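Chemist: Take a look at this one; I'll ask things after.
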Amino acid sequence: MNHVLSALLAILLVGLPSSVRAEGNAPVQLAVRIFQIPAEQSFRVERPDGRGGVLSLQASGNIASGFPQGTVIVPTELARNASDSTIGRTIGERIAFGCGDLRALDFQVRELKAFDLSLVKGRPAQEARFQESRGEGRMADYELSAEILSDDPGKVLVRLRFDVGSSWQAGALAGGITGRVISLVAEVTESRLLLVGAPGDKSVYLLAVCVLPR
């Protein structure tokens, strides 16, 4: 009888570490929303009217000419489902969009796609690809890649890559990608959006990223 109990106890002790390890390597759900801010667009500005008041005017031009030639990271308190306009206003508070000395008070922000990616530390990056028609047989090609590097309570370290390209006809996406817009390692928190932006061809692209609650 004692031999049987000893054998059962040994099995439990051997099995416990593997269970703990399995739980510690559970998938992390990463929510990624992809936005585009077209460089050429109409926007609203305010100018003094010379009598102590302000005039609200419509202008047009390249509002992204002053965007840094690199990647911008903006931590926020925004929830995962924040509206396009709220995300645009938030990035606009940190980066001046406008044309010349005309600062855009509001501008067009387009959500291109949203993905929920399941990531496991030590496994290959997860990829998501999609296309958008530009008319006359032309396609815009997009590819998102995310890989988890470390997983701590409430936050994870993630490698993000985002490519943008174009092709003249629908086909394999791998043949259409022409430029890497975003490539960085960032700390992403739970339930609060991290905005990652960089200039691309005729647009600024934003990734709004957060870890889903576990």
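Chemist: For a Förster distance of 22 Å, can you work out the FRET efficiency between the beta-carbons of Asp101 and Lys202, rounded to the nearest 0.05?
Modeler: On the way: r = 22 Å, r/R0 = 1.01.
Taking R0 as 22 Å, the efficiency between Asp101 and Lys202 is 0.50.
Chemist: What FRET efficiency would be calculated for the residue pair Arg214, Glu93, taking the C-beta separation as r and a Förster radius of 30 Å, to the nearest 0.05?
Modeler: On the way: r = 30 Å, r/R0 = 1.01.
Approximately 0.50, to the nearest 0.05.
Chemist: Cut-off under 18 Å on the C-alpha distance; same-chain residues fewer than 8 positions from Lys121 excluded. Which aspartates and glutamates are left, in chain and number order?
Modeler: Cross-link targets: Glu23, Glu147, Asp151, Asp152, Glu187, Glu190.
Chemist: Working from the pairwise distances between different alpha carbons, so that the mean of 1/r is found and then inverted, what is the stretch 28-211's Kirkwood radius in Å?
Modeler: On the way: mean 1/r = 0.0570 Å⁻¹.
Mean inverse Cα-Cα distance, inverted, gives 17.5 Å.
Chemist: Let me ask something else. Any idea how far apart Arg51 and Asp84 come out in nm if each label point goes 7 Å out from Cα toward Cβ?
Modeler: 3.7
Chemist: Give the cross-link partners of Lys113 among the lysines, using a straight C-alpha distance below 19 Å as the criterion and excluding same-chain residues fewer than 8 apart.
Modeler: The qualifying lysines are Lys202.
Chemist: Something else: Would you mind checking which residues have amide H under 5 Å from Asp106's amide H? H placed 1.01 Å from N; only 5 or more apart, or other chain.
Modeler: Amide H neighbours of Asp106, under 5 Å, 5+ apart: Arg44.
Chemist: What is the calculated FRET efficiency for Arg110 to Asp152, with r their C-beta to C-beta distance and R₀ = 22 Å, to the nearest 0.05? Mind dumping the intermediate values first?
Modeler: On the way: r = 33 Å, r/R0 = 1.52.
It comes out at approximately 0.10.
Chemist: Near the amide H of Leu78, under 5 Å away, which other amide H atoms are found, from residues 5 or more places off or on another chain, if H is placed in the peptide plane?
Modeler: Leu193
Chemist: Turning to a different aspect of this structure: Is any residue of the stretch 177-214 close enough, with backbone N under 19 Å, to a label point placed 7 angstrom from the Cα of Arg129 along the Cα-Cβ axis, and if so, which?
Modeler: Under 19 Å, as judged by backbone N against the label point of Arg129, lie 177-183 of the stretch 177-214.
Quick note: the coordinates plus some simple rules give every number you see, no bench work behind them. Bear in mind that the values here come from a model prediction, so they are computed numbers and not experimental data. Cβ sites come from the backbone with ideal geometry, for glycine too, and all protein chains shown count toward neighbours.
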